[in-house]
1. When only residues in the stretch B:148-167 that are among the acidic types (Asp, Glu) and facing chain A (nearest Cβ under 8 Å) count, which is surrounded by the most Cβ atoms within 10 Å (Cβ to Cβ)?
2. Quick one: would you say B:LYS186 is among the basic types (Lys, Arg), under 20 Å from B:VAL135 (Cα atoms) and in the same structural domain as B:ALA141 (by the TED database)?
3. When you check B:LEU73 against the structure, is it of a type outside the set (Phe, Trp, Tyr), under 25 Å from B:SER22 (Cα atoms) and touching a residue at least 12 places away in the same chain (Cβ under 8 Å), yes or no?
4. Which numbered condition trips up B:LEU55, out of (1) away from DNA strand D (no atom under 16 Å from the Cβ); (2) not assigned by the TED database to the domain that holds B:LEU157?
5. Give the residue that is farthest from A:TYR110 (Cα to Cα), with candidates limited to residues of the stretch B:76-105 that are assigned to a helix (DSSP H, G or I) and over 15 Å from the mean Cα position of the chain (by Cα).
6. For the stretch A:7-42, give me each residue that is within 11 Å of DNA strand C (Cβ to nearest atom) and within 19 Å of the chain's Cα centre (by Cα).
7. Would the stretch B:17-29 turn up any residue that is away from chain A (no Cβ under 14 Å) and within 13 Å of DNA strand D (Cβ to nearest atom)?
8. From the list B:ALA38, B:ALA44, B:ALA74, exactly one residue is crowded, with 20+ Cβ neighbours inside 10 Å and either assigned by the TED database to the domain that holds B:ALA182 or within 16 Å of DNA strand D (Cβ to nearest atom) (or both). Which is it?
Protein chains: 2
Amino acid sequence: MSSPALDTRSRILDAACRALGSGEAAPEIRMADIAKAAGVSRQALYLHFKNRADLLIATVRHVDIAADTDAVLAESRGATGPRRLSAWIAAWGGYIETVYPYAKALMAMYDDDPDAAAAWDDRMHAMREGCAAAVEALVRADRLTPDLTPDLATDLLFALLSIRMWEVLTKEQGWPIERYIAEMTKLAHARLVVAAAPV
Amino acid sequence: MSSPALDTRSRILDAACRALGSGEAAPEIRMADIAKAAGVSRQALYLHFKNRADLLIATVRHVDIAADTDAVLAESRGATGPRRLSAWIAAWGGYIETVYPYAKALMAMYDDDPDAAAAWDDRMHAMREGCAAAVEALVRADRLTPDLTPDLATDLLFALLSIRMWEVLTKEQGWPIERYIAEMTKLAHARLVVAAAPV
DNA sequence: GCGGGACTTGACATCGTGTCAATCTAACTC
DNA sequence: GAGTTAGATTGACACGATGTCAAGTCCCGC
């Protein structure tokens, strides 16, 4: 059933996937390595992908078919008010952890490759919507700090939850993911959420 | 007085400096470009620097002889309590702005070159001390939020003020530096500082 | 058995880094 | 003034990576 072409293509994607996943920094991953890992000639890669960036982008897409941003976003859609903010932060924090190596690869290609940049921007757009929705939930519950506009609050939350920030805290400072989520939640609440008005 | 060697060396550094400063992404800057800009042969670069990384690191050092981290740190040393935190954030925010392109270059080399990594770590260590000192000022004034240890607070502040975070807010989201400083100040205060105890 | 698509092999162009050897030049020394 | 020498230049080359090309091989379906 599976044509041999498809088989090879996915063998390549799997190999690239493993390569990206295994801690190795993205720029270090060579076409020859991927080919070898896939048990395929280097040239075969160019039969299926137009170049290195194309392959890596396809790899990233391949990975998060399973764990998609939208699903994460949905996960927090139930809650309202400040609890929605918490849910969003927790869901996103967990998501980054699984997706990080691939996101990093995309980031690394951002400057060189316009397609990679587009793929990245796409992802970040979805992520920003999650932030905006969480802020909107605060607004609806009348719990957004008065000196913040929804836009500004969204910017701030987006920045706090950026992969860059995650990287600093968990990779550079060695925070476990639980602490990351706990502290980010407290931080966001401290700045964005105001106490409920007395009835 | 100035030997011709020194003269050439600084012409190279100036050229590299201009190249790094002019928006160009660091990986794009080629040895040949720098040589051309310095009005010198490509090989001359290798007479003065052992390789590309060495040159770029020297360039970064060259740049912030004037605007040094320690000076920035000193700038905030006067204030006490929460005002010290504000002073530190303002001073650091302004400093990043001038130093950003060079810092970025160093960051970009981090994975490849151990010397670049060391230079970077050195800088970040100094920066972390600034954060620790600001937190210490809060502790002394009895104004650190009780559910934060000084270490955790320092981690958090360090992450908030990281170049990465600055990048997201000012470069990606287009915040003017004033807004960055204002919002970071509010954010840090919201999370780290507790109201003064009543007398 | 034959045609054609998928893959391989090996060669090659290109680009950037880094090395090397030969040459040039200007300044310093005797 | 001649010789030495450090600093530069020129041009060539090795290396490693990407990407291209052409010819050949293998296997599958008709």
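1. This residue is B:ASP155.
2. yes
3. No: the conditions fail for B:LEU73.
4. (1)
5. In this case the residue turns out to be B:GLY81.
6. none
7. No, that holds for no residue.
8. Of B:ALA38, B:ALA44, B:ALA74, the one residue that is crowded, with 20+ Cβ neighbours inside 10 Å and either assigned by the TED database to the domain that holds B:ALA182 or within 16 Å of DNA strand D (Cβ to nearest atom) (or both) is B:ALA38.
The values are calculated or read from the model by the stated rules, or taken from the named source; none is laboratory data. What you see is a predicted model; the values in this text were computed from it and never measured. Please note: Cβ atoms are built from the backbone with ideal geometry, for glycine as well, and neighbour counts cover all protein chains shown.
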